[in-house]
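Throughout, read-outs are computed from the coordinates displayed, never taken from laboratory work. What you are looking at is a predicted structure, and each value in this text was computed from that prediction instead of being measured. Positions of Cβ are backbone-derived with ideal geometry, glycine not excepted, and every protein chain shown enters the neighbour counts.
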């Protein structure tokens, strides 16, 4: 790409106003102040020629290519994908035209030219079994490649649940000895963007933050961006009122399901899953699993595959209203008991005081 991003957008029929609106929306999603939207727009709009754009190296390891499919399926207009016009994606095996020796030369050239500055994206887990022989590229194991490329990276983005937590390859009995990026690399800043696959907007939001501020966004205890993983699916789910009313679908095709009742009893993991699916949604904000009638699988949480069954309800109260009523009743009884106890203490103290007074008078 030659010239600025704004010039490129204009050639693609995207107006400056649309781009500014996108940046403002992105900043809002990340819980940043309004000024951050303008800062993002200015930083990306002034992107220089291709040779000077921030370098990004993307290593796909033990994965299914779902994460790549997700990020390349941005909705129309492909504003999320336009962020990739601001970076120089110097290596990505699935997307690049080069192969074999040419691909390896491109990788090492990017590493050498941008040492200490490039952003490393990893999707897929890293198998440690058989000395890493379960997954190799160019005669090297994934473990060797990760250590080599991570050494010169400024930061690492573990994209997808496999890279972030080990994902499906790590599921019991974990025959390949799969681990996450953070299990291997200990000396670099790492941001986890879990999901199977992750939402494209989350990925581009993290990239935009890094490009604008030169740092990763605020992370939670699992290394996930708080802006997107700060609340549970349950917190923002449109079915939440039915949960609070104790209205649950019993099967996927009963009357409750047709009325949009809560899917908790059918195994929905929304109450313990942190992600932005309910607000950002998928396919350009069209829908998301719970809206299409299927419970959340909890795919953005560690070890979600071994969580006890996708269609088994969590060990939580199945009727929150009744539980709340019982709790209130118990509280009321306890309150009455405490009241009677305190009243009894006061009465006893009063009697003791009167007895003492009479005794004194008799003396």
task = Compute the distance in nm between two label points, each set 7 Å from the Cα along the Cα-to-Cβ direction, one at residue 279 and one at residue 38.
result = 2.3
query = Does segment 142-220 classify as rounded, prolate or oblate by the C-alpha gyration tensor (a ≥ b ≥ c root eigenvalues; a/c under 1.5 gives rounded; else a/b over b/c gives prolate, otherwise oblate)?
reply = oblate
key: Kirkwood Rh, Cα atoms: Rg over Rh of segment 126-264   = 1.10
remark   = Shape descriptors of segment 187-279 over alpha-carbon atoms, Rg and Dmax in angstrom, are 16.6, 54
note = Expected sort for 152-162, 296-306 on mean C-beta neighbours within 10 Å, highest first, is 152-162, 296-306
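Please find the FRET efficiency linking residue 186 to residue 144, where r is the Cβ-Cβ separation and R0 is fixed at 25 Å, and quote it to the nearest 0.05.
Efficiency, from the Cβ-Cβ distance: 0.90.
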request  = At 4 °C and 1.567 mPa s, grab the translational diffusion coefficient of segment 159-198 from Stokes-Einstein with a Kirkwood Rh over Cα pairs, rounded to a whole number in µm² per second.
outcome  = 126
query = For 65, 176, 201, what ranking results if the residue with the fewest other Cβ atoms within 10 Å of its Cβ goes first?
reply = 65, 176, 201
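Give me 279, 68, 251 ranked fewest to most by other Cβ atoms within 10 Å of their Cβ, as a rough exposure proxy.
Values: 279 16, 68 22, 251 10.
By the 10 Å Cβ count, ascending: 251, 279, 68.
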Mean shadow area of segment 233-306, taken as a quarter of the surface of its Cα convex hull (nm²) = 4.9
task = Using only alpha carbons, build the gyration tensor for segment 51-227 and give me the equivalent ellipsoid semi-axes, biggest first, whole Å.
result = 23, 20, 16
note = Taking R0 as 41 Å and r as the Cβ-Cβ distance between residue 286 and residue 98, the FRET efficiency 1/(1 + (r/R0)^6), rounded to the nearest 0.05, comes to 0.75
Segment 279-298 residues near the modelled residue 251 label - backbone nitrogen below 19 Å, point 7 Å along Cα→Cβ = 293-295
